[in-house]
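J.: One structure is given below, represented as structure tokens, and several questions about it will come after.
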Amino acid sequence: RRATSDSFAPGHWEFPGGGLEEKPLDGLVRELAEETGLQIRQILAYLGSFDSVSEKGQTVRQFNYLVEPEEGDIQLSDEHSEYVWHDLEALLSFVQSAQMLPVIRKAIQDAVVFIKTQPNPLADTTT
């Protein structure tokens with residue numbers, strides 16, 4: 001959640017992200033580390049992108065990825081005040097922008113499909 005003292009979308013829930021000055025995948029790694037302290041173990045899937053218009057009238061493009069982070073403790077940046085872990089389906093209740101809701105819904109559905117189609121590494125393959 002953005003800190004209430006932050007000038008951009010104070011108090012709003014959001015996914016880690018931000019402005020890019022580099023290639024999208026490099027920005028993904030940098031932004032996740034800056035905002036959460038986590039490193040990426042593996043990028044699992046690209047979930048698409050969408051354009052939105054900020055309150056200042058600037059068009060912004062968001063790229064969405066499903067990642068597996070390395071184990072570690074969350075260390076939030078000063079821009080944020082709290083975080084939550086939820087099942088993918090429960091994330092929709094946190095979307096505060098009507099413009100983002102259909103896009104986030106599709107990204108979550110794509111992530112669920114991706115996860116369900118992956119082999120279960122804990123499955124017993126010896127029987």
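The values are calculated or read from the model by the stated rules, or taken from the named source; none is laboratory data. Since the structure is predicted, the reported quantities are computational estimates derived from the model, not experimental observations. All Cβ positions, glycine included, derive from the backbone under ideal geometry; neighbour counts span all protein chains shown. Just so you know, the surface numbers come from the protein's heavy atoms only, side chains and all, with ligands and any DNA or RNA stripped out. Shrake-Rupley method; radii C 1.70, N 1.55, O 1.52, S 1.80 Å.
J.: Keeping every protein chain present and rolling a 1.4 Å probe, give me the accessible area per residue for segment 1-93 in Å².
T.: The answer is 69 Å² per residue.
J.: Whose amide H sits under 5 Å from the amide H of G37, counting only residues 5 or more places off or on another chain, with H placed in the peptide plane?
T.: Here the answer is Q75, since their amide H atoms fall under 5 Å of that of G37.
J.: Taking the Cα-to-Cβ direction at K106 and at S93 and moving 7 Å from each Cα, how far apart do the two end points lie in nm?
T.: 2.6
J.: Cβ under 13 Å from L47's Cβ, L47 left aside: what net charge do those residues give with Lys, Arg +1 and Asp, Glu -1?
T.: Details: positive: R105, K106; negative: D110.
Here the count lands on +1.
J.: Ok, one more. Between L47 and residues 5 or more places away or on another chain, which pairs have amide H atoms under 5 Å apart, with H built 1.01 Å from N, and which residues are they?
T.: N64, Y65, L66
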